[in-house]
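Contents: one structure, followed by commentary.
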Amino acid sequence: MTFVTPVLKVLGALLTYPDEVLQESVPEFRQLVDASAIPSSTKARVCALLDYLQTTNLWDLQESYVALFDTGRATSLHLFEHVHGESRDRGQAMVDLRGEYEAVGLQLLPEELPDYIPAFLEFCSVTTQESATEFLTDCSEILRVLDTRLQERQSLYAAVFEAVVSFASNQRKSKLPEVLPEESLDEQWAEQPAFSQGVC
């Protein structure tokens with residue numbers, strides 16, 4: 001498989017659950033980031049994330065990752081969750097996106113959803129430059145919101161979203177609905193009580 005924009009696959013990989021393979025890949029990732037068209041100021045922030053991933057104890061990396069990405073929807077790594085929530089529209093959007101993946105020969109893992117951002121970025125890295133720009137532009141509002149939310153949490157992962165947005169076009173607007181507010185996402189995430197309260 002030929003990677004048209006290989007750094008997008010790297011940026012996606014940086015958003016996956018940290019493991020030994022990810023840490024061992026940091027030197028290679030750094031070379032691709034250095035050679036990329038990412039703006040220099042953003043590139044420096046991505047390199048700071050690479051340093052963090054390479055030098056931090058793996059257990060601490062994993063614990064922080066789960067706390068950041070897996071305990072609420074405001075920083076979820078699933079694109080359509082931010083615009084569709086639990087509505088039926090999300091299901092159809094994922095079916096359509098899966099079709100785009102299959103068209104370029106990209107096969108997802110059985111447990112992987114099409115709107116998982118690392119998978120989406122890998123797809124963008126193997127499609128044409130024009131198509132990649134178009135898809136990233138369509139999702140740019142989501143990516144910018146995630147960048148902002150991660151900056152508010154003082155997370156180095158914000159640099160990934162800043163870098164990805166740099167590949168989007170500023171000439172047109174996203175086709176996706178507006179991003180749901182953080183409060184709405186948190187409400188949907190909250191567990192429903194097992195039993196309704198009332199008088200027997």
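If I filter segment 37-60 for residues that are at pLDDT 95 or above, touching a Lys or Arg at 6+ places or on another chain (Cβ under 9 Å), farther than 23 Å from Thr75 by Cα and not acidic (Asp, Glu), do I get at least one hit?
Checked segment 37-60: no residue is at pLDDT 95 or above, touching a Lys or Arg at 6+ places or on another chain (Cβ under 9 Å), farther than 23 Å from Thr75 by Cα and not acidic (Asp, Glu).
Residue-wise test of (1) within 18 Å of Ile117 (Cβ to Cβ); (2) among the polar types (S, T, N, Q); (3) touching a His at 6+ places or on another chain (Cβ under 7 Å); (4) in contact (Cβ under 8 Å) with a residue 24 or more places away in the chain.
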site	(1), (2), (3), (4)
Pro6	yes, no, no, yes
Gly12	yes, no, no, yes
Thr16	yes, yes, no, yes
Val26	no, no, no, yes
Asp34	no, no, no, no
Cys47	no, no, no, no
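Taking segment 6-56 as the search range and keeping residues that are of a type in the set (Ser, Thr, Tyr) and not in a helix (DSSP H, G or I), which one is farthest from the chain's Cα centre (by Cα)? Can you show your working first?
Our first condition is that a residue be of a type in the set (Ser, Thr, Tyr); within segment 6-56, this holds for 16-17, 25, 36, 40-42, 52, 55-56.
Keeping just the survivors that are not in a helix (DSSP H, G or I) gives 16-17, 36, 56.
Details: Thr16: 9, Tyr17: 12, Ser36: 19, Thr56: 21 Å.
The residue in question is Thr56.
Got at least one residue in segment 89-112 being closer than 22 Å to Phe161 by Cα and in contact with a Ser or Thr (Cβ under 6 Å, 6 or more places away or on another chain)?
For segment 89-112, residues closer than 22 Å to Phe161 by Cα and in contact with a Ser or Thr (Cβ under 6 Å, 6 or more places away or on another chain): absent.
Could you run through segment 43-75 and say how many residues are surrounded by 19 or more Cβ atoms within 10 Å (Cβ to Cβ) and hydroxyl-bearing (Ser, Thr, Tyr)?
1
If Val95 satisfies all but one of (1) closer than 24 Å to Glu63 by Cα; (2) modelled with pLDDT under 90, what's the number of the condition it fails?
(1)
Of Val164, Val145, which residue is under 21 Å from Leu108 (Cβ atoms) and either surrounded by fewer than 21 Cβ atoms within 10 Å (Cβ to Cβ) or not polar (S, T, N, Q) (or both)?
Val164
The values are calculated or read from the model by the stated rules, or taken from the named source; none is laboratory data. As the structure is a prediction and not an experimental result, all values here were calculated from the model. Don't worry about glycine lacking a Cβ; one is built from the backbone with ideal geometry, like all the others, and counts go over all protein chains shown.
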